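K.L.:
Following this message is one structure expressed as structure tokens.
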Protein chains: 2
Amino acid sequence: MTYDKYFSADVPSFLRSPVREIFRKVDLSAICSFAGGYPAASTFPVEDIKALSASVLEKYGTRPLQYGATQGVPELREAIAARYGVPVSQVQITTSSQQGIDICSRILLNPGDIVLAHYPVYLGALQSFRSYRAEVRPLEFPEEPVSSGNPAPKFIYVIPDFNNPSGETMTLEEREGVVALSRELDCLIVEDSPYREIRYSGTPVPTIRELAPERTLHLGSFSKVFAPGFRLGWIIGPEELLEQIFVCKQALDLCPPVYDQYIAAEFLSGGALDGNLVKTLSQYRERRDLMLSLLEKYMPEGVEWTRPDGGLFLWVTLPEGVDTVAMYDEALSKGVAYVAGSFFYPDGSHRNTMRLNYTFIPREKMEPGIRTLAGVICNALNIK
Amino acid sequence: MTYDKYFSADVPSFLRSPVREIFRKVDLSAICSFAGGYPAASTFPVEDIKALSASVLEKYGTRPLQYGATQGVPELREAIAARYGVPVSQVQITTSSQQGIDICSRILLNPGDIVLAHYPVYLGALQSFRSYRAEVRPLEFPEEPVSSGNPAPKFIYVIPDFNNPSGETMTLEEREGVVALSRELDCLIVEDSPYREIRYSGTPVPTIRELAPERTLHLGSFSKVFAPGFRLGWIIGPEELLEQIFVCKQALDLCPPVYDQYIAAEFLSGGALDGNLVKTLSQYRERRDLMLSLLEKYMPEGVEWTRPDGGLFLWVTLPEGVDTVAMYDEALSKGVAYVAGSFFYPDGSHRNTMRLNYTFIPREKMEPGIRTLAGVICNALNIK
């Protein structure tokens with residue numbers, strides 16, 4: 001029996017995840033993988049979670065095991081509202097910030113609608129926008145941002161802090177440019193902000209939400225500061241938009257995981273999150289510095305890379321003509337993995353780029369990994 | 001600033017949940033509420049979960065806190081596959097069985113597509129189908145099922161065991177009728193089965209999936225047998241359909257909650273689930289019997305109700321002309337709540353029906369609740 005005829009017309013436009021294909025090919029734990037987007041497991045507060053698991057059941061009894069409010073449990077919404085200085089009524093808890101992207105897409109996008117996105121674009125967002133048959137167009141920097149959309153985009157999608165995949169951070173001027181453009185085009189802004197708290201150098205820049213709260217849906221996540229296995233994120237936005245988000249969320253999964261929310265609320269309001277962040281930032285700073293020094297040491301001339309102030313990734317640009325998609329099988333066969341940069345461009349361009357993650361790979365594998373990768377690149381460049 | 005113009009054309013077709021409106025009006029814990037669809041918190045295995053939370057962190061270390069596989073963690077998929085006698089490759093874990101409904105809708109439905117549903121229909125399913133702008137049509141029983149759909153429906157949606165809201169169970173003949181119809185119309189079947197294990201009388205009937213595995217997406221849930229706060233369900237179905245479900249699931253939330261999955265896997269494979277079920281079934285049987293005897297004792301002539309063999313609900317039919325929507329404010333003011341039956345009909349018909357839940361209300365409130373409800377009904381019938 002074949003099933004193609006039963007599928008929604010939207011299904012062919014679902015992007016088959018290239019990352020999945022990478023994971024299918026090989027056991028990444030057996031090689032030097034810079035491919036995944038995982039935080040370092042060493043930053044996970046296992047003992048805190050063990051203690052908090054027991055204590056929320058003692059404190060709240062069966063409540064963490066029952067259905068919870070669609071908006072999220074009050075304790076967690078309050079803790080997030082307090083941390084970010086917003087009213088509780090502007091906070092919706094989501095089952096991961098990926099769900100936050102899906103919800104924004106679902107309540108806002110019609111087929112054919114335009115999303116202006118800062119390229120290169122997070123794969124999971126591209127996948128979501130495409131599944132709603134939206135058209136993704138580039139928001140260019142540092143030139144004057146695209147100013148005449150016809151028809152106007154529904155929203156501008158950006159990761160202003162430590163972009164996945166590029167690792168870059170938008171300046172205040174760029175953020176103000178995005179806000180000005182959104183006002184000119186009369187569209188909304190989806191500010192995807194999973195990495196904002198993972199800053200280990202430089203000075204924080206105001207969020208776009210702070211610059212234009214009336215136009216911005218701000219997506220936060222616990223996955224990088226706590227434990228991605230909890231699948232918890234949040235949306236901060238205008239109450240009128242949150243009303244629609246509530247109805248959508250109810251149809252999606254009724255409410256976010258409740259037990260996890262209580263644990264996260266205690267972790268946050270009790271101050272443990274801040275303690276854990278200090279440890280995480282120090283580890284990640286050291287890993288970034290190691291990665292930068294290894295790239296400096298091994299990469300041949302003509303290879304460039306970003307120097308992130310935070311987050312999990314950096315972005316490597318090879319000389320024109322080198323194809324990181326074509327090069328991938330050789331890299332894998334030599335025991336090193338990355339994500340080809342063209343996957344983050346809707347048109348598959350920029351085939352001479354790649355994303356490297358430096359938070360997940362065991363530290364002792366970083367040097368052999370970068371050395372091997374540099375060798376593969378030298379081969380591609382015909383450098384002996 | 002107003003936001004209406006930004007919304008997707010699908011947003012107006014999102015059903016505003018009437019249950020939410022009920023919850024908004026009043027603190028249901030202060031009255032006798034038969035309205036919610038919650039399991040009894042007394043069935044939740046708090047001590048088991050406390051112990052398992054610690055033990056999965058000891059056993060698996062940081063793994064329950066990291067991102068997990070999109071299909072679900074292998075340990076849980078294997079435990080479910082073993083319990084239901086299916087290959088692991090046919091099991092996808094979902095973030096609640098509500099998400100299972102949403103996923104099936106999303107991969108199968110185009111705007112205008114038809115879903116044949118067994119009326120009255122679970123509200124969360126109606127909400128999901130409508131959000132994809134599908135048209136819901138009735139699948140009638142016990143007469144010959146609708147046999148000429150033109151165009152054919154995409155799928156038939158049924159809750160064969162202890163339907164929410166009616167509490168009724170489909171006979172083997174009815175299930176075979178659904179399968180025959182799906183073959184005749186060449187459509188799929190979505191078998192929503194969150195209550196199947198909550199049978200406390202009568203004899204189990206084969207699932208529709210067992211009768212037609214090649215056409216059926218079977219949705220299961222931990223919410224009624226374990227802890228709804230974990231938001232875990234599963235889909236069992238043909239591998240070709242699960243391929244598409246994988247891609248959809250990835251765009252929705254990347255993976256189900258990982259810590260919760262490890263705890264659930266241990267709870268299931270270690271045998272604790274079966275022990276907890278025995279306790280749950282005995283409590284629910286007693287509650288159903290109490291509810292039936294109270295209805296017998298207090299309800300005026302002309303009022304009828306179903307006698308469920310399992311699940312959480314029964315369905316009350318009042319004499320024609322009594323309007324349970326209109327009657328609701330009086331009921332609330334006297335301290336009793338229910339869900340009007342017309343909410344479960346896409347056309348808002350059957351205004352003389354209501355759904356009663358008997359698993360969540362404290363036992364001591366059942367008699368005053370039913371006595372009050374009977375009084376409100378007598379008023380509506382002008383019985384002194």
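K.L.:
Can you tell me the relative contact order of chain B? Whole percent, Cα pairs under 8 Å, sequence separation 6 or more.
P.N.:
With pairs under 8 Å counted, the relative contact order is 24 percent.
K.L.:
Relative contact order for region B:57-168 using alpha-carbon pairs under 8 Å, separation at least 6, rounded to a whole percent?
P.N.:
22 percent
K.L.:
Just grab the label-to-label distance for residue B:133 and residue A:50, each label 7 Å out from Cα along the Cβ direction, in nm (one decimal).
P.N.:
5.4 nm
K.L.:
To continue, here is another question. In whole angstrom, note down how far apart the Cα centers of region B:261-302 and region B:317-357 are.
P.N.:
25 Å
K.L.:
Mind listing the phi-derived Karplus ³J(HN,Hα) values for region B:299-307, rounded to whole Hz, using 6.51, -1.76 and 1.60 with θ = phi - 60°, and x for any glycine or proline?
P.N.:
Working through the residues one at a time gives 6, x, 4, x, 9, 10, 8, 7, 10 Hz.
K.L.:
Shortest first, in nm, what separates the label point of residue B:348 from those of the same position in the other copies (7 Å along Cα→Cβ)?
P.N.:
5.0
K.L.:
Can you give the relative contact order of region B:182-278 as a percent, counting alpha carbon pairs under 8 Å and 6+ residues apart?
P.N.:
The value is 23 percent.
K.L.:
A further question on this structure: Can you give the longest run of chain A that contains no GluC sites (Glu not before Pro) sitting in a DSSP loop with at most 10 other Cβ atoms inside 10 Å?
P.N.:
Counting at most 10 other Cβ atoms within 10 Å as exposed, the longest clean stretch of chain A is A:144-300.
K.L.:
Taking a ≥ b ≥ c as the square roots of the Cα gyration tensor eigenvalues, with a/c under 1.5 meaning rounded and otherwise prolate when a/b beats b/c, else oblate, which class fits region A:338-384?
P.N.:
oblate
K.L.:
List, shortest first and in nm to one decimal, how far the label point of residue B:383 (7 Å from Cα along Cα→Cβ) is from its counterparts in the other copies.
P.N.:
9.1
K.L.:
Show me the chymotrypsin sites (Phe, Trp or Tyr not before Pro) within region A:333-371 that DSSP assigns to loop and that have at most 12 other Cβ atoms within 10 Å of their Cβ.
P.N.:
Sparse-neighbourhood loop chymotrypsin sites (Phe, Trp or Tyr not before Pro): none present.
K.L.:
In sequence order, what are the phi-derived ³J(HN,Hα) couplings for region A:317-330 according to the Karplus relation 6.51 cos²θ - 1.76 cosθ + 1.60 with θ = phi - 60°, rounded to whole Hz, with x for glycine and proline?
P.N.:
Working through the residues one at a time gives 10, 9, x, 3, x, 7, 10, 6, 6, 5, 7, 5, 5, 5 Hz.
K.L.:
Testing the spin-label approximation: label points 7 Å from Cα along Cα→Cβ at residue A:371 and residue B:152. State their distance in nm.
P.N.:
6.2 nm
K.L.:
Just subtract the alpha-carbon distance of residue B:42 and residue B:285 from 0.36 nm times their residue separation and send over the number in nm, one decimal.
P.N.:
Net length gain for the segment: 86.1 nm.
K.L.:
Something else: For residue A:240, place a label point 7 Å out from Cα along the Cα→Cβ vector, do the same in each other copy, and report the separations in nm, one decimal, smallest first.
P.N.:
So the distances to the same position in the other copies read 4.8 nm.
K.L.:
For each pair in A:249/B:334; A:365/B:50; A:249/B:249; A:50/A:279, compute the distance between the two Cα atoms and list the pairs where it is over 25 Å.
P.N.:
A:249/B:334; A:365/B:50
K.L.:
Where nothing but the Cβ of Lys and Arg (+1) and of Asp and Glu (-1) is charged, how large is the charge dipole of chain B around its Cα centre, in debye to the nearest 20?
P.N.:
1060 debye
K.L.:
Also, quick follow-up: Only Lys, Arg, Asp and Glu count, each charged at its Cβ (+1, +1, -1, -1), so figure out the dipole size of the protein assembly as shown about its Cα centre, rounded to 20 debye.
P.N.:
It works out to roughly 1080 debye.
K.L.:
Only counting other Cβ atoms within 10 Å, I'd like A:309, A:102, A:347 sorted with the fewest neighbours first.
P.N.:
A:347, A:309, A:102
K.L.:
Moving to a separate point now. Check the straight Cα-Cα distances from residue A:5 and name the aspartates and glutamates below 17 Å, setting aside those fewer than 8 residues away within the same chain.
P.N.:
Output for residue A:5: B:113, B:184, B:186, B:214, B:239, B:240, B:243.
K.L.:
For residue A:114, enumerate residues with amide H under 5 Å from its amide H, sequence gap 5+ or separate chain, H modeled in the peptide plane.
P.N.:
A:135, A:154
K.L.:
Considering only A:185, A:206, B:136, whose Cα is most displaced toward the positive end of the charge dipole of the protein assembly as shown, charges sitting on Cβ of Lys, Arg (+1) and Asp, Glu (-1)?
P.N.:
Of the listed residues, the answer is A:206.
K.L.:
Using only DSSP helix segments of four residues or longer, with each worth -39500 (n - 2.57), what per-residue ellipticity at 222 nm results for the protein assembly as shown after dividing by its residue count and rounding to 500?
P.N.:
My calculation for the protein assembly as shown gives -12500 deg cm²/dmol from helical runs alone.
K.L.:
Ranking B:217, B:139 by Cβ neighbours within 10 Å, fewest first, what do you get?
P.N.:
Taking fewest neighbouring Cβ atoms as first place, the list is B:139, B:217.
K.L.:
Of A:322, A:103, B:336, whose Cα points farthest to the positive end of the dipole of the protein assembly as shown (charges on the beta-carbon: +1 Lys, Arg; -1 Asp, Glu; origin at the Cα centre)?
P.N.:
Positive-most Cα among the choices belongs to B:336.
Any read-out appearing in this document is the output of simple, stated calculations on the displayed coordinates, not a laboratory observation. Computed from a predicted model, the values in this text were never measured in an experiment. Cβ atoms come from the backbone with ideal geometry, glycine included; neighbour counts cover every protein chain shown.
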